[in-house]
Amino acid sequence: MAGGRAAAARLHTDPPTAVVAYNDQLAIGLMLALQNTGIRVPEEVSVIGFDDIFPARIVSPGLTTVAAPLRAQGRAAVPRDGRDGRDERTVVLRLKEPDAALTHSLATTVGVIGDPKTLDTGRTALDPVGSGPYVLHGSTVNGSQYVLKKRDDYWNAKAYPFETVEVHVIKDRTATVNALQSGELNAASVEVTHVDRLESAGFDTKFVDAEAVGTLSLADRNGEVLKPLGDERVRRAINMAFDRDKIVQQLLRGAGKPTRQLFNPKGDAYDPALEQAYSHDPAAAKELMAEAGYADGFAVHMPSLFFTKPFEPTITQSLGEIGIKVTWDPTPPQNSVSAITSEKYGMFVMVEGFNDTPSEVKDYLAPNGPKNIFDSTDPELEKLLDRVNAEQDPAKAAELYKRINAFTVENAWSAPIFYSGRHWVTDDGVEFLGDGSNTFPTVRAFGVSG
């Protein structure tokens, strides 16, 4: 998107009526930058991208994009006639550079296998033909209840003890508790306020103390739109402004724990020693602000998103104590992604679920990572990223990930505040096996108890 921003700067004085961008990322960057300068899209300038990536569908306004025939390109790129030992069950991937996140990505949604005969048919949207252990039953009601029936011919069927799995979509937390008590549900996650009631009723509970990280993203580390963030002393001062323990107790009601790290505490990058950094010290933070030339503080705008509202008063007060005045800009839920990726805001609040360590590092820190909004980079960090992507020894890779994490903490590339947890409740015969390694548990996170 940085390329799109640069193009918008050149086009501002004499904008054309239409632009066809090389890809969707360039197009989105261009479109958002034009809008920030007051040029209306598509009323004054039409923008077209290529690739049909997911963000093209959720930016506002929606991006006109040309879908690339990726499936046909893939078939053409990988012969299936037996040459070089390949056959119709073998796919060969050729990478321009090492990618440590690739194998995990292939084991998740990116690697989903579908039936080529039905991929392009209408049924795929709601009733896909895949290769997993369950099939969608005809009693499914889209958006309300999903019924999965086990495949006896699945290669690893013994690993899935449940013949039928029903997933109920219940938006109201109290309704979820009632469904557990009535026997409609055997397992669910609940609010901390409901745990005692359910334990008294005989349910088993399990608390996972970290499933997501809440952070004040200091995204504009070069000070492009928010100059003070270009100074490491200001970023360190912001990290010292928060009483993390108090936030966990009062806002999360104890359902979590304080942190100074972006990464999954179950992953290779996490280092308990780094939790000693940035104690709550507003006085020392103000001294750092003064050293950086901001003794009188500065003002900042941040997007008020649907999930940030409970935290906004505390963040406003905490930053206000070190001289930073926060204004929250109301943002409709449908514009949350476009607000964050617009590069209008140098800092913003995010609550992010966990992933595997290679994917987290790539998303947060790679120059083109989706969570590295301003494409921040650093020579030391680049060397570490290159080394870890090429490292084949898991133990050595884990040490490199810890060094990468230490770099982000020591240089205050963000201001992580808390890990949020979740209470899982299960009835007799069902056990929750998850440990928070992934935010969204699969069927494999549940087993038979007793």
**OP:** Please go through the range 342-374 and pick out each residue that is under 24 Å from residue 328 (Cβ atoms) and open to solvent by 40 Å² or more (accessible area, probe 1.4 Å).
**Re:** 344, 351, 370, 371
**OP:** Name every residue in the range 117-171 that is open to solvent by 50 Å² or more (accessible area, probe 1.4 Å), within 18 Å of residue 184 (Cβ to Cβ) and among the hydrophobic types (A, V, I, L, M, F, W, C), in order of residue number.
**Re:** 141, 167, 169, 170
Original post:
Which one of the conditions (1) within 27 Å of the chain's Cα centre (by Cα); (2) open to solvent by less than 20 Å² (accessible area, probe 1.4 Å) does residue 225 fail to meet, given that it meets all the rest?
Top reply: (2)
Original post:
Out of all the residues in the range 343-370, which are more than 20 Å from residue 106 (Cα to Cα) and either at pLDDT 90 or above or in contact with a strand residue (DSSP E or B) (Cβ under 8 Å, 6 or more places away or on another chain) (or both)?
Top reply: 343, 344, 345, 346, 347, 348, 349, 350, 351, 352, 365
**OP:** Answer with yes or no whether residue 291 is among the charged types (D, E, K, R), in contact with a helix residue (DSSP H, G or I) (Cβ under 7 Å, 6 or more places away or on another chain) and either under 19 Å from residue 418 (Cβ atoms) or surrounded by 20 or more Cβ atoms within 10 Å (Cβ to Cβ) (or both).
**Re:** no
Subject >> Single condition residue 352 does not satisfy, out of (1) in a helix (DSSP H, G or I); (2) in contact with a Ser or Thr (Cβ under 8 Å, 6 or more places away or on another chain) >> reply: (1)
Original post:
Mind checking whether some residue in the range 108-131 is free of Cβ contacts under 8 Å to residues at least 12 places away in the same chain, out of contact with any Leu (no Cβ under 7 Å at 6 or more places or on another chain), over 27 Å from residue 355 (Cα atoms) and of a type in the set (A, V, I, L, M, F, W, C)?
Top reply: no
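Yes or no, residue by residue, for (1) under 19 Å from residue 348 (Cβ atoms); (2) at pLDDT below 95; (3) among the polar types (S, T, N, Q):
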residue: 285; (1), (2), (3): no, no, no
residue: 294; (1), (2), (3): no, no, no
residue: 307; (1), (2), (3): yes, yes, no
residue: 315; (1), (2), (3): yes, no, no
**OP:** Please go through the range 180-192 and pick out each residue that is closer than 19 Å to residue 445 by Cβ and either outside any loop (DSSP other than H, G, I, E, B) or open to solvent by less than 10 Å² (accessible area, probe 1.4 Å) (or both).
**Re:** 180, 187, 188, 189, 190
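Restricting to the range 15-38, and then to whatever is open to solvent by less than 20 Å² (accessible area, probe 1.4 Å) and among the small types (Gly, Ala, Ser), can you tell me which residue is farthest from residue 224 (Cα to Cα)?
The initial filter retains those residues of the range 15-38 that are open to solvent by less than 20 Å² (accessible area, probe 1.4 Å), namely 21, 24, 27-34.
Retained after the next criterion (residues that are among the small types (Gly, Ala, Ser)): 21, 27, 29, 33.
Details: 21: 23, 27: 20, 29: 15, 33: 13 Å.
Going through the qualifying residues, I end up with 21.
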Subject >> Failed item in (1) among the charged types (D, E, K, R); (2) in contact (Cβ under 8 Å) with a residue 24 or more places away in the chain; (3) closer than 22 Å to residue 210 by Cα; (4) surrounded by fewer than 18 Cβ atoms within 10 Å (Cβ to Cβ), with residue 380 passing the rest >> reply: (3)
Original post:
From the list 266, 286, 344, which residue is in contact (Cβ under 8 Å) with a residue 24 or more places away in the chain and under 30 Å from residue 97 (Cα atoms)?
Top reply: 266
Original post:
Quick one: residue 275 ticks every box in (1) of a type in the set (D, E, K, R); (2) outside any strand (DSSP E or B); (3) open to solvent by 70 Å² or more (accessible area, probe 1.4 Å) bar one, so which box is it?
Top reply: (3)
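The values are calculated or read from the model by the stated rules, or taken from the named source; none is laboratory data. Note that this is a predicted model, so its numbers are computed, not measured. Cβ coordinates were reconstructed from backbone atoms using ideal geometry, including for glycine residues, and neighbour counts include every protein chain displayed. To get the accessible areas, we keep the full protein, side chains included, count just its heavy atoms, and leave off ligands, DNA and RNA. Shrake-Rupley method; radii C 1.70, N 1.55, O 1.52, S 1.80 Å.
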